[in-house]
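J.: Mind looking over this structure? Questions follow.
The values are calculated or read from the model by the stated rules, or taken from the named source; none is laboratory data. Predicted model, so just to flag it, every value in this text is computed and none were measured. All Cβ positions, glycine included, derive from the backbone under ideal geometry; neighbour counts span all protein chains shown.
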C-alpha cells in the first residue's frame, strides 16, 4: 500500500514526529502530518488500465514560519525523490496558515503520486 511508502519516506524528518492525518495533542514541534486525500484508477473502454494515482497532502508544523518552510522543503525533497515505490507527477503549494490555539505555523504541499 502506498501509505507504507509515504510513511517510510517521511519518517526521519522532524525528529521522527510524523503522523498520518492528525498529530496527538502532546506531539512536539516541529512535526509533520500527512493525509491521503484521494486516489483513483485509470480506465479505458475495456476496463482498468493498470494505472493508479493518489493525492497526498503534507503539512509541516513549527513554532516559526521559517522553521515550517524549511521542514516543508525537507518533506518536498523526501516525497519527490526518485524511487521504485512511487513517483510524483505534480506538486503544488497550498496557502500557508497559522493555528492560534497551538501557536503553530503550517506550510502545506499537495502531491499527485503515481505508484
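J.: Please go through the stretch 12-38 and give me each residue that is over 11 Å from the mean Cα position of the chain (by Cα) and either loosely packed, with under 13 Cβ neighbours inside 10 Å or free of Cβ contacts under 8 Å to residues at least 24 places away in the same chain (or both), ordered by number. Let's see the steps before the verdict.
T.: Quick first cut of the stretch 12-38, residues over 11 Å from the mean Cα position of the chain (by Cα) only: 12-17, 22-31, 38.
Passing the criteria: 12, 15, 16, 17, 22, 24, 25, 26, 27, 28, 38.
J.: I've got another one for you. Consider residue 54 carefully, then state whether it is at pLDDT 95 or above and closer than 21 Å to residue 7 by Cβ. Explain how you work it out, then say what you get.
T.: Details: at pLDDT 95 or above: no; closer than 21 Å to residue 7 by Cβ: yes.
Against the criterion (at pLDDT 95 or above and closer than 21 Å to residue 7 by Cβ), residue 54 does not qualify.
J.: What single numbered condition from (1) in contact with a strand residue (DSSP E or B) (Cβ under 7 Å, 6 or more places away or on another chain); (2) without any contact (Cβ under 8 Å) to a residue 12 or more places away in the chain; (3) under 16 Å from residue 105 (Cα atoms) fails to hold for residue 43?
T.: (3)
J.: State which residue pairs qualify: first residue exposed (fewer than 15 other Cβ atoms within 10 Å of the Cβ) and inside the stretch 50-73, second residue part of a strand (DSSP E or B) and modelled with pLDDT under 95 in any location, beta carbons under 6 Å apart, and separation of 6 or more residues or different chains.
T.: Between residues of the stretch 50-73 that are exposed (fewer than 15 other Cβ atoms within 10 Å of the Cβ) and residues that are part of a strand (DSSP E or B) and modelled with pLDDT under 95, the close pairs are 51/42.
J.: Would you confirm, using the coordinates I've provided, whether residue 85 is in a loop (DSSP other than H, G, I, E, B), under 11 Å from residue 113 (Cβ atoms) and modelled with pLDDT under 95? Working first, answer last.
T.: Numbers: in a loop (DSSP other than H, G, I, E, B): yes; under 11 Å from residue 113 (Cβ atoms): yes; modelled with pLDDT under 95: yes.
The answer is yes for residue 85.
J.: Now a separate question. Output the residues belonging to the stretch 88-113 that are exposed (fewer than 15 other Cβ atoms within 10 Å of the Cβ), touching a residue at least 24 places away in the same chain (Cβ under 8 Å) and closer than 18 Å to residue 9 by Cα.
T.: Result: 89, single match.
J.: For the stretch 88-115, enumerate the residues that are more than 12 Å from the chain's Cα centre (by Cα) and either under 14 Å from residue 34 (Cβ atoms) or assigned to a loop (DSSP other than H, G, I, E, B) (or both).
T.: Correct list: 95, 96, 100, 101, 102, 103, 106, 115.
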